[in-house]
């Protein structure tokens, strides 16, 4: 509204469009198979079930939630758990058959003979081709947030998008000295609306250093070699965390 844009919501596609969107029952119910138990898969299963289709959802892990499980870990993000809980309850209420710990292989899909298959398997990180990226001192956000990979006292984060900023704050609250390296002119470019300024203010208050317009040249055991507007330099660090793009 402040930007003179239509009202919208990150989790409710119908918000602001209630007059033009409605979910009505179908005259020809079908057998629908959904692959993936993250937010996209559960929402697809929910809407399909509301329309009267017979839905089976496959999730290869032991719980629903997908990458929202990771998104709910950084500071001030635990409210994402309410969305996971809501969608999980909807699966039960709408009689969606949820099959956890089961991968939807080609054989499983063929044997199920569905009329339609919805693939919602989420994203995987793209690991950049940086010398030293496979070092023992390098971790991804999931390594840090989920698996609690031990990080050194000083940490350099590659990438200043939402994931990088939130992981920086997460590590800072654990007493780590954190620096963010970003190629763009500023950090948080993918953070929407007023949330960006709130997060940037928290990063500044926490003393998290940012290096913008800066490219990673190499990762070593002692830190990272970077190149910015003032030339090349070395940032000493015990650990390096990459905020890699997902596809």
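When residue 71 is tested against (1) at pLDDT below 95; (2) surrounded by fewer than 18 Cβ atoms within 10 Å (Cβ to Cβ), exactly one condition is not met: (2). Only one of the listed residues (192, 159) is at negative phi, at pLDDT below 95 and out of contact with any helix residue (DSSP H, G or I) (no Cβ under 8 Å at 6 or more places or on another chain). That residue is 192.
The residues of the stretch 210-240 that are out of contact with any strand residue (DSSP E or B) (no Cβ under 8 Å at 6 or more places or on another chain) and either at positive phi or buried (at least 21 other Cβ atoms within 10 Å of the Cβ) (or both) amount to a single one, 231.
Looking across the stretch 66-82, the residues that are over 19 Å from residue 13 (Cβ atoms) and either touching a residue at least 12 places away in the same chain (Cβ under 8 Å) or not in a loop (DSSP other than H, G, I, E, B) (or both) come down to 69, 70, 72, 73, 74, 75, 77, 81. Modelled with pLDDT of 90 or more, part of a loop (DSSP other than H, G, I, E, B), touching a strand residue (DSSP E or B) at 6+ places or on another chain (Cβ under 9 Å) and closer than 23 Å to residue 66 by Cα: does that describe residue 121? Criteria met by residue 121. Would you confirm, using the coordinates I've provided, whether residue 91 is outside any strand (DSSP E or B), surrounded by 15 or more Cβ atoms within 10 Å (Cβ to Cβ) and free of Cβ contacts under 8 Å to residues at least 60 places away in the same chain? When the stated conditions are applied, residue 91 passes them.
The values are calculated or read from the model by the stated rules, or taken from the named source; none is laboratory data. It should be emphasised that the depicted structure is a prediction, and the values quoted were computed from it without experimental measurement. So basically every Cβ, Gly included, is an ideal-geometry build from the backbone, and we count neighbours across all protein chains shown.
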